[in-house]
Every structure is written in C-alpha cells, then in structure tokens.
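The values are calculated or read from the model by the stated rules, or taken from the named source; none is laboratory data. Here the structure is a predicted model, which means the values were calculated and not measured. Here Cβ is always computed from backbone atoms with ideal geometry, including for glycine, and neighbour counts include all displayed protein chains.
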Amino acid sequence: MNTQIQRNYEAAKQIYANLGIDTEKAIVKLKDIKISMHCWQGDDVRGFLNKDQDLTGGISVTGNYPGAARTPEELRQDLEKAYSLIPGKHKLNLHAIYADTDEKIDLDEIEPRHYEKWVQWAKKQGLGLDFNPTCFSHPKSDDGFTLSHPNKEIRDFWIEHCKRARKVGEYFGKETGQPCVTNVWIPDGFKDQPVDRLGPRERLQASLDEVFKEEINPAYNLDAIESKLFGIGSESYVVGSHEFYMGYGLTRNKLICLDAGHFHPTEVVSNKLSALSLFSEGMLLHVSRPVRWDSDHVVTMDDETLAIARELVVHNLISKTHIGLDFFDASINRVAAWVIGTRNMLKALLRAMLEPTESLKEAELRGDYTTRLALMEELKSYPFGAVWDYYCESSNVPVREDWLKEVKDYETNVLLKRD
C-alpha cells in the first residue's frame, strides 16, 4: 500500500467518522455492486453479424478515433484492458449482433451456442453477462418498425428474435451463476404526426405478450423493457413511450429500464427512481450523459450522475436496481471511455455512501432546511477522493489518472496497429 494513500485514507476515515460514517463499510458495499458495462462502446455498435449494415434506429455514433475492435477477439482484448483498470468485479452487456460464430445466421436464428465463446470468456474473467435483442440495423427494421410493424410477417420475425434472446439470457444466467438482464428496446415510431397512435401500441403490447409467454426462472433471466422519447426518424411519435412501458412493466412484472438520455431535457431519471420503486418489480438503469438529448456521451460525475447514485443509496434501492451504462463515443480512445464512465459511476455511488443520510433526513423532518442545505454543501468538499484512492489501491488497479498511461501504452502497442 502506498504510504501517502494510506495516510490520506486514515485522515479521511477519521473525518467521516466524526459524522458517524464508517468508510470501511462503505467500501465493502461498493465492492458488492456490479456495473454492467456495454460492449458496443468498443466498436461503435457495429457488431459481428451484419457488419455491412448501416447503423439505424435513430442511433448515431460520431468520430473516427483509430483502433475500433474488428473481431470478437479484439473486443474481448479491449474489454479485459478496461476491466483491469476498474475496481471490483462487474458484468458485460452484450447485444445480439455480437454473436461469435462462423455460421451465417439471421437474428431470428440465434441460439445460445452462438455466444458460447463469450460465456467461456466471462467465466474465466469472473464476470456476469447481460443481453439485448438487436431490433435495429437490419433490413427488416429499415422502415422504422419492428414489434409494432403492421406487417405480421415482419412482426413475427422480431418476436422470434426476442424470444430467442431470452433463451440466450437464460443460458448466460445458468452458466455464470448470475441472473442475466435481457432488455428489450425497439426504435419504432414516425417522423411526422401519425393518424393512429393506438394501433401500433396495441400491436406492440400483443407482440410483447407473445415474446414473454414462456416463463423463465428469474434466477437465470430477468426481462426488462426500455422506453424512449424520440429518435432520428421518429421525432413525432415513438410507440414505446415511457407511459406505455411503465404500464406494461407494472402490469406484467417486468423490470423497467430508465435511460438517462431518453426523456425531455427538463426531466431527470433520478427524480423517477423513488416513485417507480414503490410499484415496480425492479428497475434497470442505462446511465448516460445527454449533452443534447440522447447524445450518449461518456458518463461524467455530473449533477445527474451524482443524483442517481444518491437516490439509489439513500433509499436502499441498489438491491432492486440493475445499473448499466449506455454511451458510444468514437471521438476518443474507446477503452478510455469505458474506464472513465465506469469509474465515474462507482465514484458517484461511493460519494453517496459517505453522506450522513440519517442526519440529513432528521434535519429535514424537523423542518431544519438550513442545516440540510449547509451540510449537503459542505459534504461536497469532504475527502471522498482519498477513500476512492484507497479502494483502487487495495483493489490493485491504478490510482487517479495513473490508468491513463496504461491506456496510452495499449493504444500504441495494440490499437494503432489495427489500422
């Protein structure tokens, strides 16, 4: 243990102890939290099944930084580097298009065996796996509709794909010993004002009921559904709105996914968590940074990330919330993007764990809003960074910006040689 890091930690430990906060317990709690890191940051959401298909579904990745992963092996190599720079053991979130197979298959033909190499790798790395059907970037989604498509043949194609995705999720859960969260997001919607808003939602409801018809042990697979406000090409109407999926999730006992970039600019996910937690089976988070709506920037420790973490910690919602990340930035080193975003989510959670929640609640109940505000502001300059440094050091990962040198070396020795 670095002597200076140890000294800084001991000093911070005493400062927090004066507030009744046990830093050791906070670190133990943080170690138990698994962040689901998304694979698609590593290759700009191309995947390996339909590499020549343009990215569609209202999604756009900008930038041309060198070194994007071109094969499953390269992607796993990049992921290993990223995980080695992040404290704790976490999960990987895969999309269906990342199947690792030599077979020529379509999305309605995926089977667990097409992801066997991912499972072998995850078990070796000690990681859990999450999954997503890929309902975009495919000829059968080119007109902007999938599970709510008016053409039954196309609708059935996507139903079959989602059914098979759940079986892959079940396989992941059985093999890794950790439940797989299989999240359904679709891009369906209209660019201009529709005449019929109800019909597509009726079709989507019926399609989802068919997708989820088979009961799967929740010890292996957990179903989640994700809403969106609008996308490129669906600016006026999205079938799977927040209201639709909240109603569906609550009545069908599904996890409800809240993506930080999928709401109005004045809406925040952090303000929805406590309300939704009272009624939902559970929640899935896609933590992102919407600079301009759903721009999917790398997660920083901004106000909303801190607020999300605080809501989870203060209200003991971590046990019923699955935390995933969702961003894709091709303008910077992709491995660095993973490390920055994941470390920031963990830092935000640690900072929330180092707040005197009970004291703040008591002040609030007394109507002593002066004390509440004063303490919350003073806590911002408390030395949580010293606790974070200690956690990183004791987890054998680089402290502070030391990880960046490793990424730069990796870029020189590995990434730049790909191009």
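Taking into account only those residues within region 381-401 that are among the β-branched types (Val, Ile, Thr) and in contact with a Leu (Cβ under 7 Å, 6 or more places away or on another chain), which is nearest to Glu24 (Cα to Cα)?
Per the criteria, the residue is Val387.
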Might you let me know whether region 61-71 holds any residue that is assigned to a loop (DSSP other than H, G, I, E, B), buried (at least 20 other Cβ atoms within 10 Å of the Cβ) and of a type in the set (A, V, I, L, M)? yes
Can you tell me which residues in region 365-419 are part of a loop (DSSP other than H, G, I, E, B) and in contact with a Pro (Cβ under 9 Å, 6 or more places away or on another chain)? Ser395, Asn396, Val397, Asp419
List the pairs whose first member sits in region 243-260 and is among the charged types (D, E, K, R), whose second member is at pLDDT 95 or above and assigned to a helix (DSSP H, G or I), and whose Cβ atoms are under 7 Å apart, counting only residues at least 6 apart or on separate chains? Lys254/Tyr248
Odd one out for Glu304, checked against (1) under 30 Å from Gly20 (Cβ atoms); (2) in contact (Cβ under 8 Å) with a residue 40 or more places away in the chain; (3) surrounded by fewer than 18 Cβ atoms within 10 Å (Cβ to Cβ): (3)
Would you tally the residues in region 405-419 being exposed (fewer than 15 other Cβ atoms within 10 Å of the Cβ) and under 15 Å from Leu85 (Cβ atoms)? 3
Do the conditions hold for Lys124, that is, is it out of contact with any helix residue (DSSP H, G or I) (no Cβ under 8 Å at 6 or more places or on another chain), on the phi < 0 side of the Ramachandran plot and assigned to a helix (DSSP H, G or I)? yes
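I'd like the full set of residues that are of a type in the set (Ser, Thr, Tyr) and more than 26 Å from the chain's Cα centre (by Cα), limited to region 377-419.
Listed by number, the residues that qualify are Ser381, Tyr382, Thr412.
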Being without any contact (Cβ under 8 Å) to a residue 24 or more places away in the chain and within 30 Å of Asn2 (Cα to Cα) narrows it down to one of Ser319, Ser394, Ser381, so name that one. Ser381
Any idea which of (1) free of Cβ contacts under 8 Å to residues at least 12 places away in the same chain; (2) part of a strand (DSSP E or B); (3) not basic (Lys, Arg) is the one Asp130 doesn't satisfy? (1)
Please indicate, with yes or no, whether at least one residue in region 117-125 is within 22 Å of His286 (Cβ to Cβ), of a type outside the set (D, E, K, R) and in contact with a Pro (Cβ under 8 Å, 6 or more places away or on another chain). yes
Criterion violated by Phe172 - all others in (1) in contact with a strand residue (DSSP E or B) (Cβ under 8 Å, 6 or more places away or on another chain); (2) over 23 Å from Ile256 (Cα atoms); (3) not basic (Lys, Arg) satisfied: (2)
Applying the selection to region 237-276, what residues are assigned to a strand (DSSP E or B), over 15 Å from Asn183 (Cβ atoms) and not hydroxyl-bearing (Ser, Thr, Tyr)? Val238
Could you list all residues from region 254-294 that are surrounded by fewer than 18 Cβ atoms within 10 Å (Cβ to Cβ), out of contact with any helix residue (DSSP H, G or I) (no Cβ under 6 Å at 6 or more places or on another chain) and of a type in the set (Phe, Trp, Tyr)? Trp293
Counting just the residues of region 305-317 that are under 17 Å from Leu284 (Cβ atoms) and part of a helix (DSSP H, G or I), which one comes out farthest from the chain's Cα centre (by Cα)? Glu311
What is the residue count in region 155-203 for residues that are of a type in the set (Gly, Ala, Ser) and either more than 23 Å from the chain's Cα centre (by Cα) or outside any helix (DSSP H, G or I) (or both)? 3
Can you confirm whether Lys81 is of a type in the set (Lys, Arg) and part of a helix (DSSP H, G or I)? yes
Quickly run through region 21-54 and pick out the residues that are at pLDDT 95 or above, in a loop (DSSP other than H, G, I, E, B) and either crowded, with 23+ Cβ neighbours inside 10 Å or not β-branched (Val, Ile, Thr) (or both). Asp22, Asp32, Lys34
Just checking, which of Ala219, Ala206 is over 26 Å from Phe327 (Cα atoms) and over 21 Å from the mean Cα position of the chain (by Cα)? Ala206
Restricting attention to region 227-241, does a residue exist that is at pLDDT 95 or above, over 30 Å from Pro265 (Cβ atoms) and among the β-branched types (Val, Ile, Thr)? no
Could you tell me whether region 277-294 includes any residue that is touching a Lys or Arg at 6+ places or on another chain (Cβ under 9 Å), part of a loop (DSSP other than H, G, I, E, B) and touching a residue at least 60 places away in the same chain (Cβ under 8 Å)? yes
Quick one: which residue in Met345, Met376, Met353 is touching a residue at least 12 places away in the same chain (Cβ under 8 Å), of a type in the set (A, V, I, L, M, F, W, C), surrounded by fewer than 18 Cβ atoms within 10 Å (Cβ to Cβ) and under 27 Å from Val28 (Cβ atoms)? Met376
